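Chemist: I have a structure I would like to understand better, so I am pasting it below and will then ask my questions one at a time.
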Amino acid sequence: QVQLVESGGGLVQAGGSLRLSCAASGSIFSINAMGWYRQAPGKQRELVTSITSGDITNYADSVKGRFTISRDNAKNTVYLQMNSLKPEDTAVYYCNADIVKSGSVWFSKYWGQGTQVTVSS
C-alpha cells in the first residue's frame with residue numbers, strides 16, 4: 001500500500017506565502033517524477049509544477065517566478081513553496097507521484113487527498 005499525505009494548506013491574504021508538503025509512504029522501491037496539480041471550483045484540474053528524480057523542474061506560466069517545487073528523496077517528500085499568492089491561486093492542491101512499488105518493475109501514479117488553499121483579496 002502506498003499513500004501520499006499532503007499538509008500545509010490554509011487561508012492567506014493576497015501577497016502572502018504558504019508551503020505545502022506531500023510525503024509518500026508504504027512499500028516504495030523508487031519515486032520518479034513528482035508534482036502538484038490544482039483544481040479551482042468549476043474548473044478542470046491543471047498541472048502547476050513538476051520535478052523529476054534528477055531535479056528537473058517545470059512550471060505553469062501562471063506560477064513562474066512565484067512558486068518553487070523541491071523534493072527530499074531521503075524523506076520521499078515533495079514541497080511547494082508559494083510566494084506572492086493571488087486570489088486566482090485559490091484551489092484544492094493535489095500532489096502526484098510516479099512510484100515503483102517494492103517488488104514491481106513498473107511505476108503507477110498516486111494522488112494525495114488534496115489540501116485547500118484560499119487566498120483572500
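Chemist: Given that compact globular proteins tend to follow 2.2 N^0.38 Å, what is the ratio of the alpha-carbon Rg of segment 5-116 to that value? Provide the component values of the computation, followed by the final result.
Modeler: Working: Rg = 13.9 Å, N = 112, 2.2 N^0.38 = 13.2 Å.
Relative to the 2.2 N^0.38 Å estimate, segment 5-116 comes out at 1.05.
Chemist: Amide H neighbours of Ile28 under 5 Å, at least 5 residues apart or on other chains, H built in the peptide plane: list them.
Modeler: Amide H to amide H, under 5 Å and 5 or more residues apart or across chains, Ile28 pairs with Ser102.
Chemist: For Thr57 paired with Gln13, estimate the spin-label separation in nm (one decimal), with each label point 7 Å from Cα along the Cα-to-Cβ line.
Modeler: 2.7 nm
Chemist: GNM, the chain, Cα, under 10 Å: largest mean-square fluctuation among Gly42, Gly15, Gly26?
Modeler: Gly42
Chemist: Follow-up question, since we're still on this one. Within straight cross-link reach of Lys109, meaning Cα distance under 18 Å, which lysines are found once same-chain residues fewer than 8 apart are removed?
Modeler: Correct list for Lys109: Lys101.
Chemist: In percent, what relative contact order does the chain have, based on Cα pairs under 8 Å that are 6 or more apart in sequence?
Modeler: Averaging sequence separation for qualifying contacts and normalising by length gives 36 percent for the chain.
Chemist: Can you tell me the dipole magnitude for the chain around its Cα centre, using point charges on the Cβ only (Lys, Arg +1; Asp, Glu -1), in Debye to the nearest 20?
Modeler: 60 debye
Where a number appears in this text, it was derived from the coordinates with a stated rule and is not lab data. Only a predicted model underlies this, so the values are computations on that prediction, with no experimental measurement involved. Virtual Cβ from ideal backbone geometry, glycine too; neighbours counted across all protein chains shown.
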